[in-house]
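Comments concern the structure below.
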Amino acid sequence: MTQGALAKAQESAAPVAPVAPSRLLVVIPAYNEANRIGSVVRKVRSQLAARAAGVLVVDDGSSDCTSEEARAAGATVATHPVNLGYGAALQTGYRFALRHGFASVLQMDADGQHDPASICALLDALDAGADVVVGSRFLHGGSYRPPLLRRIGMAIFGRIASYYAGMKLTDPTSGYQALSARALAFYDHDRYPPDYPDADVLSMVARHGLRLVEVPVRMLESPDGKSMHSGVLKPLYYIFRMSLALALVPLRRERP
Amino acid sequence: MTPTQRIFAVAASLVTFAVIIELIRRRKLREEYAFLWVVTGAVMIVLSSWYGLIEGITRLIGAVTVTTTLFLFALLFLLLISVHFTTVLSRLTVQVRRLTQELAILQASRRDLPAPGEHDRER
């Protein structure tokens with residue numbers, strides 16, 4: 001299928017806003033977000049009305065009607081029959097973009113915490129020649145204050161990743177990013193983690209010679225503010241996984 | 001080892017080996033995963049029928065009794081096999097992920113979207 005056909009498919013789902021063939025694909029991974037996905041898709045589409053971008057929601061095996069809501073709001077929907085994880089859902093979006101010849105991807109979360117008003121800042125940095133643009137909640141005095149323990153963990157892992165990357169990474173866990181075609185090709189590989197792409201991925205990106213940039217973004221309050229890393233065992237597993245992944249970064253030679 | 005012990009050991013390893021081969025013959029155990037099992041079965045037969053070898057190995061690795069050697073090697077084999085399984089599992093995980101993504105991409109690329117008006121949820 002061509003981009004034109006995709007645009008047509010989106011048109012047929014929501015005839016209000018015709019979508020011309022575009023080179024930007026907005027990828028929104030969603031898992032059980034039926035309540036919020038519709039408004040997120042609509043906000044993104046109105047924000048990007050001038051650019052005429054494609055919007056792809058990757059439904060990661062939701063048990064609610066996330067797919068239907070997203071489709072009703074005018075997004076193209078790719079549905080995983082089973083839940084694969086946040087990273088795998090993103091990767092589905094990347095692979096879709098590559099398959100259909102999109103030149104760049106903008107990814108954001110489905111829970112509405114990423115302010116669509118910041119999209120332009122991310123895209124500008126991408127147009128300026130970056131391969132991976134990370135929307136940072138902390139750059140230039142962001143308002144986001146995570147709990148103490150998480151702040152310590154983020155600081156330590158961020159420090160290590162910054163060392164590998166050769167630049168300061170203030171928010172390596174941010175899911176608000178813009179990617180160039182080169183970055184998409186780099187992510188179209190089994191090395192991309194299926195659970196949570198994090199500081200280790202950004203370290204790989206920078207070591208691979210892709211240009212990495214951070215821009216400040218605004219965060220909206222997430223309506224129920226639940227983190228993906230809550231509970232007792234999950235943070236411990238997270239610490240283990242990140243330590244292992246970061247320790248292996250210099251030991252792996254990534255081939256394109 | 002008493003003769004009874006030897007007979008039991010040889011019989012047990014022969015049965016194990018036969019079960020493995022039969023499973024492969026019936027394609028319930030795929031050839032590509034059978035390698036370690038066939039080796040295990042063969043080693044069991046050799047060790048149980050050739051007592052001198054196991055005594056030699058015991059002296060070689062500095063173990064005190066023959067049983068220690070047997071348990072040690074049994075454990076090592078099980079360890080190897082489970083590590084092997086984990087690599088197989090990892091490969092399968094990657095393959096399942098890839099297939100699921102491909103399916104989702106194909107489904108999104110097809111124009112199987114519901115006709116306009118079918119969804120009136122939009123407010």
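The values are calculated or read from the model by the stated rules, or taken from the named source; none is laboratory data. Note that the coordinates shown come from a computational prediction; the quantities given were computed from them, not determined experimentally. Here the Cβ positions follow ideal geometry from the backbone for every residue, glycine too, while neighbour counts run over all protein chains shown.
General observations
- A:TYR196 modelled with pLDDT of 80 or more, within 18 Å of A:ARG151 (Cβ to Cβ) and in a loop (DSSP other than H, G, I, E, B): yes
- Considering the stretch A:75-89, the residues that are crowded, with 23+ Cβ neighbours inside 10 Å and over 19 Å from A:ASP188 (Cα atoms) include one that is farthest from the other protein chains (Cβ to nearest Cβ), namely A:ALA75.
- Residue check for A:MET167: without any contact (Cβ under 8 Å) to a residue 60 or more places away in the chain, farther than 23 Å from A:GLY38 by Cβ, hydrophobic (A, V, I, L, M, F, W, C) and outside any helix (DSSP H, G or I): yes
- Within the stretch B:25-33, none of the residues are in a helix (DSSP H, G or I) and of a type in the set (A, V, I, L, M).
- Set B:ARG97, B:ARG59: member being farther than 25 Å from B:PHE17 by Cβ, in a helix (DSSP H, G or I), modelled with pLDDT of 90 or more and more than 14 Å from every other protein chain (Cβ to nearest Cβ): B:ARG59
- The stretch B:57-78, residues that are more than 25 Å from the chain's Cα centre (by Cα) and loosely packed, with under 14 Cβ neighbours inside 10 Å: B:ARG59, B:LEU60, B:ILE61, B:GLY62, B:VAL64, B:THR65
- Test result for A:ASP190, of a type in the set (Asp, Glu) and at pLDDT 85 or above: yes
- Scan of the stretch A:42-74 for residues that are within 10 Å of chain B (Cβ to nearest Cβ) and not in a helix (DSSP H, G or I), ordered by number: A:LEU56, A:VAL57, A:VAL58, A:ASP59, A:ASP60, A:GLY61, A:CYS65, A:ALA73, A:GLY74
- Filtering the stretch A:86-118 to residues that are over 21 Å from A:GLU33 (Cα atoms) and in a loop (DSSP other than H, G, I, E, B) leaves A:HIS100, A:GLY101, A:PHE102, A:ALA103.
- Which listed residue is surrounded by 11 or more Cβ atoms within 10 Å (Cβ to Cβ), touching a Lys or Arg at 6+ places or on another chain (Cβ under 9 Å) and of a type in the set (Val, Ile, Thr), from B:ILE105, B:ILE45, B:ILE54, B:ILE81: B:ILE105
- Set A:ALA117, A:ALA121, A:ALA185: member being under 23 Å from A:ALA70 (Cα atoms), touching a residue at least 12 places away in the same chain (Cβ under 8 Å) and surrounded by fewer than 19 Cβ atoms within 10 Å (Cβ to Cβ): A:ALA117
- Qualifying residue in the stretch A:129-136 (condition: surrounded by fewer than 19 Cβ atoms within 10 Å (Cβ to Cβ), of a type in the set (A, V, I, L, M, F, W, C), under 26 Å from A:ALA247 (Cα atoms) and away from chain B (no Cβ under 14 Å)): no
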